[in-house]
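A.B. asks: Once you've had a glance at the structure underneath, I'll fire off some questions.
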Amino acid sequence: MSEVEAEISMFERIGGAVVVDRLVEAFYGRMDALPEATTIRAMHAPDLGPVKNVLKRYLTEWTGGPKLYSPEKGHPRLRQRHMGFAIGNAERDAWLLCMRGALEETVADGNARQELDMALTKLADWMRNQAGNPHDAGTARP
Ligand code: HEM
């Protein structure tokens, strides 16, 4: 890979703000429609507008685009922010089902899509806070 290529962010590789926008819309569209996602849809407010907006800002920054999340929200502390929701393997799988479908629909570049899939799978694994997250291994339970 040349130095010039190395400087291209994932945000640019996938097509910038337009594609982040489409990705998040497609993701929550699936969450709204897929029977497998009923449980995680119910964790969200009826109006998905506000959370769509936050996820767009988060993913823009996370993929190396403009910093639209942290100036407003501070450090993401995403796992902490999800602690109020019971996320186990089933919830992770439902989230990933929606995200993978959305990635296939909206990210044309296959390599970029695969890299995003791998990174988001790790994040979703890490977000689990019910039995089964190796992150919690060794945590003393009363
Ligand atoms: C693994 C399963 C996951 C479940 C069940 C889940 C569920 C949720 C729920 C219920 C909310 C709150 C929505 C609201 O306020 O109405 C939320 C917020 C959010 N989630 Fe997730 N989530 C998951 C994984 C992820 C992952 C992997 C990411 C990162 C790409 C992510 C990014 C976010 C962001 C950025 C917010 C907004 C947080 C804020 O207010 O700053 N989530 N999620």
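A.B. asks: Find the relative contact order for the chain and round it to a whole percent, using C-alpha pairs within less than 8 Å whose residues are 6+ positions apart.
C.D. replies: Contact order relative to length: 31 percent.
A.B. asks: Given the options M99, M83, M31, which has the most mean-square fluctuation in a GNM of the chain, springs set between C-alpha atoms less than 10 angstrom apart?
C.D. replies: Top of the fluctuation ranking is M83.
A.B. asks: Principal axis lengths of the chain from Cα atoms, whole Å, largest first?
C.D. replies: Dimensions of the chain along the principal axes of its Cα atoms: 53, 35, 30 Å.
Since every read-out is calculated from the coordinates, none of them should be taken as a lab result. Every value quoted in this text rests on a predicted model; they were computed, and no experiment measured them.
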